[in-house]
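Undergrad: The structure is given below, and queries will be raised subsequently.
The values are calculated or read from the model by the stated rules, or taken from the named source; none is laboratory data. What you see is a predicted model, and the numbers here were worked out from it, not measured in a lab. Positions of Cβ are generated from backbone atoms using ideal geometry, with glycine treated the same way; all protein chains shown enter the neighbour counts. What goes into the accessible areas is simple: the full protein's heavy atoms, side chains included, and nothing from ligands, DNA or RNA. Shrake-Rupley method; radii C 1.70, N 1.55, O 1.52, S 1.80 Å.
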Amino acid sequence: MKRIKIVVGSANPVKIDSVQAAFQRLFGVFFELQVLGFACDSGIARQPMSDNECIEGAVNRAATALRLVPDADYSVGVEAGLCRVSYGGGRWLARTSVVILNKDGQEEGLGSSAGCLVPQHIVEQITKETSGLGRIMNKRLQRNDIAQKEGYVGVVTNGAVTREDVTQQAIMVASAIFINGKFFKGGSGVGVGF
């Protein structure tokens, strides 16, 4: 069975486990997977406040990880953040963006997760304290591990949907260009599998 080496631009266990689970679900029947994670700077603010900023952070993480492990077949950057929507006078959603680069960095998959509403008072606290959503939630709930465990979405849904769930969703969506490249200009895959 052919082995695929995947490098993740993060040392966060939720991100690494999400990549392992998503790739296993999509390709584990066809390939043996090796997933490695490395702490990589996103190059953006601690708390991204737009989809574009999240995507930029994911690109930076994926590109840095690929430079660290140049023999990787794929590199994955995951960046969670907030994005403002105009609906209802302006509301905020917590969402995760994912970028997947192929071995030479020439093909790029892009995906995002479902969004979860963040109350305005939390957004104001993030802005006032220039802190991240995970840190604010840790402070409010007297914990220190929310971002490495269930995440904001897991807290507010009582575990019905977790950070790992939404991250896996974003990874699988970002994989589409590699699964069915015939639908994407420059895609490498045809049918199921890399």
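Undergrad: Over the chain, with a Gaussian network built from C-alpha contacts below 10 Å, which listed residue (R140, R46, R25) shows the highest mean-square fluctuation?
TA: The residue that fluctuates most here is R140.
Undergrad: On to the next question. Taking all protein chains in place and a 1.4 Å probe, what share, in percent, of the accessible surface of the chain do carbon and sulfur account for?
TA: On the way: 4870 of 9500 Å².
Heavy-atom surface of the chain belonging to carbon and sulfur, 1.4 Å probe: 51 percent.
Undergrad: Per residue, how much accessible surface does the chain expose to a 1.4 Å probe? Answer in Å², no decimals. If you can, show how the numbers build up before the last one.
TA: Values: 9500 Å² over 194 residues.
About 49 Å² of surface per residue is accessible.
Undergrad: I'd like to know which of A58, Y87, Q106 lies farthest towards the positive end of the charge dipole of the chain, counting +1 on Cβ of Lys and Arg and -1 on Cβ of Asp and Glu.
TA: Y87
Undergrad: In a Gaussian network model over the chain where Cα atoms closer than 10 Å are linked, find which of G154, G134, G90 has the largest mean-square fluctuation.
TA: It is G90.
Undergrad: Report the antiparallel proportion of the DSSP beta bridges in the chain as a percent, rounded to a multiple of 5.
TA: 70 percent
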